[in-house]
Amino acid sequence: MDYYKEVEGKRVHDHRFGKNTMSTLARCIWVPCPVIIGAGPSGLAVAACLKERGIPSLILEKANCIASLWKLKTYDRLRLHLPKQFCELPFMPFPANFPTYPTKTQFVAYLESYKNSFGLDPVFNKTVVSAEFDDQCGFWRIKTLGLKQEETEYVSQWLIVATGENADEVVPRIDGMDDFGGPILHTSSYKSGLLFRGKDVLVVGCGNSGMEVSLDLCNSNARPSLVVRDSVHVLPQEMLGKSTFGLSMWLLKWFPVRLVDRFLLLVSRFMLGDTEKFGLHRPEFGPLELKNRSGKTPVLDVGTLAKIKSGNIKVCLGIKRITHRAVEFVDGKKENFDAIILATGYKSNVPQWLK
């Protein structure tokens, strides 16, 4: 029996599909190869690896382009924080003339070239709303919505989720946010500090994005303040002439995590000084152990710490509440700001649709 017809028959008689579900799909497509969700670096890499083994695939992407996070939701000055050799995709190194830390534009160009080199052709503007394994027929049923809310179901034996950890913005609710008289934006909407020249800007979040946005604001003649609510590891981007990441990976081949952490912190103290003096308190666990335990990534300093030491970037404690033009902090201090930028990260949306 033709499987497409079998699927349609099940849909008509299956009580699980009522009037208000996707039983009224305009299209139901049988896919005789793996379906990959996400056309970012991971999705492209998986598709290329499959193709090298003679296995085709179908890539579904909710945006209108590949690498949508990099293209649409990153700031202009962004570079890879790790050396290019640690970020290249399978079978294709970065161009030799690219710098050690490629720019955002260079990385996107590399991904476009990768897609074209392997002849990958993602299906864009397809938002997955549900992916569920059907035990009765033994296949995945992947339901999507298009730009005009048209419904399509893809049916396949194999499903590969490559949407990454940074799908949806994390926007915290802070008391008084709705009363603030200036703009409040997530870093996904931030492009350049030039728009904030001469303004007092509060950056909420002290991860790599928060640190780098604060530096960008400072270099654009804005007056940034940085909210550091939790402890944080700040490491130099390079140690002993090598990238900190590369050196760490090499040391882990020979030594346990805690010993490598001690080495990293010792060298960091020598190169950066005591960050505690500037309101940047280190966590209880070392940077690598903390990453293993909680997934929290250490900050690789690209110049922000020097601006904090000089007083050009002020460090603030957690926020208690926001008023029309001011922010009150948990230590009782209150300061006026023209804008607030939320460097509060992203989260995966997979639990919302993967059944």
Within the range 227-237, residues being in a strand (DSSP E or B) and either β-branched (V, I, T) or at pLDDT below 95 (or both) number 2
Of L288, L272, L280, which residue is assigned by TED's automatic domain parsing to the domain that holds V203 and over 24 Å from V227 (Cβ atoms)?
-> L288
Expected single match for under 18 Å from G246 (Cα atoms) and crowded, with 17+ Cβ neighbours inside 10 Å among L78, L89 is L89
Are any residues in the range 95-150 of a type in the set (S, T, N, Q) and under 23 Å from the mean Cα position of the chain (by Cα), and if so, which ones?
-> T100, T103, T105, Q106, S113, N125, T127, S130, T144
Report the residue count in the range 168-185 for those that are outside any helix (DSSP H, G or I) and touching a Ser or Thr at 6+ places or on another chain (Cβ under 7 Å).
-> 5
Here are some residues: D76, D121. Which one is closer than 27 Å to N208 by Cβ and of a type in the set (D, E)?
-> D76
Name the residues in the range 181-215 that are surrounded by fewer than 19 Cβ atoms within 10 Å (Cβ to Cβ), of a type in the set (A, V, I, L, M, F, W, C) and in contact (Cβ under 8 Å) with a residue 40 or more places away in the chain, would you?
-> I184, L185
What is the residue count in the range 267-278 for residues that are small (G, A, S) and surrounded by 15 or more Cβ atoms within 10 Å (Cβ to Cβ)?
-> 1
Among helices (runs of 4 or more DSSP H) entirely inside the range 241-334, those with 1 or more residues being under 23 Å from V204 (Cα atoms), touching a residue at least 24 places away in the same chain (Cβ under 8 Å) and in contact with a Cys (Cβ under 7 Å, 6 or more places away or on another chain) are 304-310
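The values are calculated or read from the model by the stated rules, or taken from the named source; none is laboratory data. Not measured: the values here are computed from a predicted model. Cβ: placed from backbone, ideal geometry, glycine included. Neighbour counts: every protein chain shown.
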